[in-house]
1. Against the conditions (1) at pLDDT 95 or above; (2) open to solvent by less than 40 Å² (accessible area, probe 1.4 Å), where does residue 185 fall short? Just the number, please.
2. Tell me whether the stretch 215-226 contains one or more residues that are in a helix (DSSP H, G or I), free of Cβ contacts under 8 Å to residues at least 40 places away in the same chain and more than 13 Å from residue 132 (Cβ to Cβ).
3. Does the stretch 165-182 hold any residues that are outside any loop (DSSP other than H, G, I, E, B) and within 16 Å of the ligand (Cβ to nearest atom), and which are they?
4. Mind listing whichever residues of the stretch 143-154 are crowded, with 20+ Cβ neighbours inside 10 Å and either part of a helix (DSSP H, G or I) or touching a Lys or Arg at 6+ places or on another chain (Cβ under 7 Å) (or both)?
5. Would you mind finding the one in 198, 162, 187 that is among the small types (Gly, Ala, Ser), out of contact with any helix residue (DSSP H, G or I) (no Cβ under 7 Å at 6 or more places or on another chain) and near the ligand (Cβ under 8 Å from one of its atoms)?
6. Inside the stretch 129-142, can you point out the residues that are touching a residue at least 24 places away in the same chain (Cβ under 8 Å), open to solvent by 20 Å² or more (accessible area, probe 1.4 Å) and near the ligand (Cβ under 9 Å from one of its atoms)?
7. Kindly provide the set of residues from the stretch 201-227 that are open to solvent by 20 Å² or more (accessible area, probe 1.4 Å) and either in contact with a Ser or Thr (Cβ under 8 Å, 6 or more places away or on another chain) or away from the ligand (no atom under 16 Å from the Cβ) (or both), ordered by number.
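The values are calculated or read from the model by the stated rules, or taken from the named source; none is laboratory data. Computed from a prediction, not measured in an experiment: that's the story for all the values here. Reconstructed Cβ throughout: ideal geometry from the backbone, glycine too, with neighbour counts over all protein chains shown. Accessible surface is based on the protein model in full, side chains and every heavy atom, while ligands, DNA and RNA are left aside. Shrake-Rupley method; radii C 1.70, N 1.55, O 1.52, S 1.80 Å.
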Amino acid sequence: MARTALVTGGSRGIGAAISKALKAEGHNVAATYAGNDEAAAAFTAETGIKTYKWNVADYDESTAGIAKVEAEIGPIDIVVANAGITRDAPFHKMTPEQWHQVVDTNLTGVFNTVHPIWPGMRERKFGRVIVISSINGQKGQFAQVNYAATKAGDLGIVKSLAQEGARAGITANAICPGYIATEMVMAVPEKVRDSIVAQIPAGRLGEPEEIAHCVTFLASDDSQFINGSTISANGGQFFV
Ligand code: CAA
């Protein structure tokens, strides 16, 4: 069944692959982005997927943006909270600013994205909330106290939402990607990245499309009984 889907951070990296995969499933997709107008315009030109600019860390901007998407495309049935940033630093060097930037975007950003959509999902008795967490929320990561905290927090969000939404036909699940070939991972110093790849039994980085497949599965009508779960997609690097 064709539904309306919102993907935050949906014009680049893993988010772009998710937006395209949901469109290929027949859904009407809106993708948000924070700042890169050029990349968003190129994405729309390539895919025909409409993009919307707002900062997920800001509740009022999120609420207004979501209202605009719902007016233009339709009530949102599938929300993929994907937008995320890194501000890596060893803990002794991490600044309060680096902490707050990551928490505001990666964790509060999930609240700001799902909260305005949730009442409509409850009324319509259908919803799919999919949060893109990370392997580093499961295992922790050197230089990512901030990021790992938010990605672990994502798992608490979906486990709680799963219990609140189940009777209203809403499911909430998380995906924990491992190291995927995106700009975020390519920004890691090459030597460090090589040592990370050496720890992945698959012997390679993942592809964004491999995460997108997990999303289309969780977004489908058939996945109703999968609720509060975490799908790890990491090439065998870490088992919970
Ligand atoms: N484990 C143990 N020690 C490590 C380490 C690790 N994983 N990484 C670095 N170190 C050590 C270095 O060897 C170095 O030690 P020495 O001083 O003894 O040589 C020290 O830590 C680094 O100290 P620096 O003062 O040089 O550190 P820096 O301030 O320059 O910061 C860094 C460098 C930010 C830590 C950089 O190495 C880095 O970016 N590391 C990668 C962190 C990472 O994996 N991030 C994941 C990004 S991808 C992502 O987040 C997506 C996802 O969801 C998977």
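1. Going through (1) at pLDDT 95 or above; (2) open to solvent by less than 40 Å² (accessible area, probe 1.4 Å) one by one, residue 185 breaks only (1).
2. Step one: list which residues in the stretch 215-226 are in a helix (DSSP H, G or I), which gives 215-219, 221-223.
Okay, now just the ones that are also free of Cβ contacts under 8 Å to residues at least 40 places away in the same chain, so 217, 222.
After this cut, where a residue has to be more than 13 Å from residue 132 (Cβ to Cβ) as well, the list is 217, 222.
Yes, because at least one residue in the stretch 215-226 is in a helix (DSSP H, G or I), free of Cβ contacts under 8 Å to residues at least 40 places away in the same chain and more than 13 Å from residue 132 (Cβ to Cβ).
3. To start, the set of residues in the stretch 165-182 that are outside any loop (DSSP other than H, G, I, E, B) comprises 165-168, 170-177, 180.
174, 175, 176, 177, 180, listed by residue number.
4. Step one: list which residues in the stretch 143-154 are crowded, with 20+ Cβ neighbours inside 10 Å, which gives 144, 146-148, 150-151, 154.
Result: 146, 147, 148, 150, 151, 154.
5. Details: 198 fails: near the ligand (Cβ under 8 Å from one of its atoms); 162 fails: near the ligand (Cβ under 8 Å from one of its atoms).
Unique residue meeting the criteria: 187.
6. First, pick out the residues of the stretch 129-142 that are touching a residue at least 24 places away in the same chain (Cβ under 8 Å): 129-135, 137-139, 142.
Among the residues that remain, those that are also open to solvent by 20 Å² or more (accessible area, probe 1.4 Å) are: 138-139, 142.
142 - this is the single residue of the stretch 129-142 that is touching a residue at least 24 places away in the same chain (Cβ under 8 Å), open to solvent by 20 Å² or more (accessible area, probe 1.4 Å) and near the ligand (Cβ under 9 Å from one of its atoms).
7. Residues satisfying the conditions are 203, 209, 213, 216, 217, 220, 221, 222, 224, 225, 226, 227.
Listed here are the residues, each with its yes/no results for (1) on the phi > 0 side of the Ramachandran plot; (2) in contact (Cβ under 8 Å) with a residue 12 or more places away in the chain; (3) open to solvent by less than 40 Å² (accessible area, probe 1.4 Å); (4) in contact with a strand residue (DSSP E or B) (Cβ under 9 Å, 6 or more places away or on another chain).
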| residue | (1), (2), (3), (4) |
| --- | --- |
| 2 | no, yes, no, yes |
| 7 | no, yes, yes, yes |
| 30 | no, yes, yes, yes |
| 34 | no, yes, no, yes |
| 43 | no, yes, yes, yes |
| 58 | no, yes, no, no |
| 83 | no, yes, yes, yes |
| 116 | no, yes, yes, no |
